[in-house]
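Any read-out appearing in this document is the output of simple, stated calculations on the displayed coordinates, not a laboratory observation. These numbers come from a predicted model, not from an experiment. FYI the Cβ positions are ideal-geometry reconstructions off the backbone, even for glycines, and counts take in every protein chain you see.
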Amino acid sequence: MRHSDNIKELVKLSPDYIGFIFYKKSKRFVADFPEVEIPKGIKKVGVFVNETIDEIRNKVNKYNLQAVQLHGDETPIFCKELKCQFERSRELMIIKAFAVNAAFDFNETKPYQDSCDVFLFDTKGNDYGGNGIKYDWNILKKYKGKTPYLLSGGISENDVEPILSFMKGQAFNQCLGVDVNSGFEDSPANKNIEKLKIFLKKVKE
């Protein structure tokens, strides 16, 4: 997100996270960080794609980010080095995104378990996230890791029942929550607050 008024309305819904994309090729790129107060209970997440550790560290410190989401080809060593940059000075959540499809080998996530706090399973597409396409969530039955994950990829207001059903499945008890994006936008980086309000109310019922 990048529009102050839009963020102020979103904050009223008390989401767990609010994402800010620092990938210049994204249509949601945040060039100027919005000047808006965000309650401590909501984590500010910086989204990066194949960025340097120095640049990520600068953004984390400058904007007081509580989490970073790595959406590129970052290696386990990179994630570990990034985590080491902050473990003495502050608590920083590391979220590593994986683009999955039916052929995805979940063994690829194992080397990241010690350096990442959360995984994000998104749809494999032409871009680094933000494809707005849904995949077959049953693929996640193959995931046997202990690291919790976020469900992502083309989620919309019509997915309340599938999400609730998914969460009840014993095979999916590592699912921490869902990541919503393009399915709730009126335009890039501009959320439809009314859609989100209805969605969150139904999910929490």
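A few points about this structure:
- Cut-off under 5 Å, modelled amide H: who pairs with G132 long-range: G154
- By the helix-only formula, in which each DSSP H run with n ≥ 4 contributes -39500 (n - 2.57) and the sum is divided by residues, the chain has a 222 nm mean residue ellipticity of -7500 deg cm²/dmol.
- Phi-based couplings in Hz for region 143-157 (Karplus 6.51, -1.76, 1.60; Gly and Pro marked x): 7, 10, x, 9, 6, x, 9, 9, 8, 9, x, x, 6, 10, 5
- If both residues of a DSSP beta bridge must be in the chain, then about 5% of such bridges are antiparallel.
- Cross-link pairs K12/K195; K43/K191; K25/K134; K110/K142 - those with Cα-Cα distance over 19 Å: K25/K134
- In units of the rule-of-thumb radius 2.2 N^0.38 Å, region 107-205 shows an alpha carbon radius of gyration of 1.12.
- Label separation (I38 vs T52): 2.5 nm, computed from points 7 Å beyond Cα along the C-beta direction.
- For region 1-93, the Rg and Dmax computed from alpha carbons only, in angstrom: 13.3, 39
- Once both labels are positioned 7 Å from their Cα atoms along Cα-to-Cβ, the gap between E194 and T75 label points is 5.1 nm.
- Per-peptide average of other Cβ atoms within 10 Å, ordering 74-80, 30-36, 143-149 highest first: 74-80, 143-149, 30-36
- Applying the Kirkwood pairwise sum to the alpha-carbon positions of the chain produces a hydrodynamic radius of 17.5 angstrom.
- Calculated SAXS-style log₁₀ I(q)/I(0) at q = 0.14 Å⁻¹ - region 67-153, Debye, Cα scatterers: -0.47
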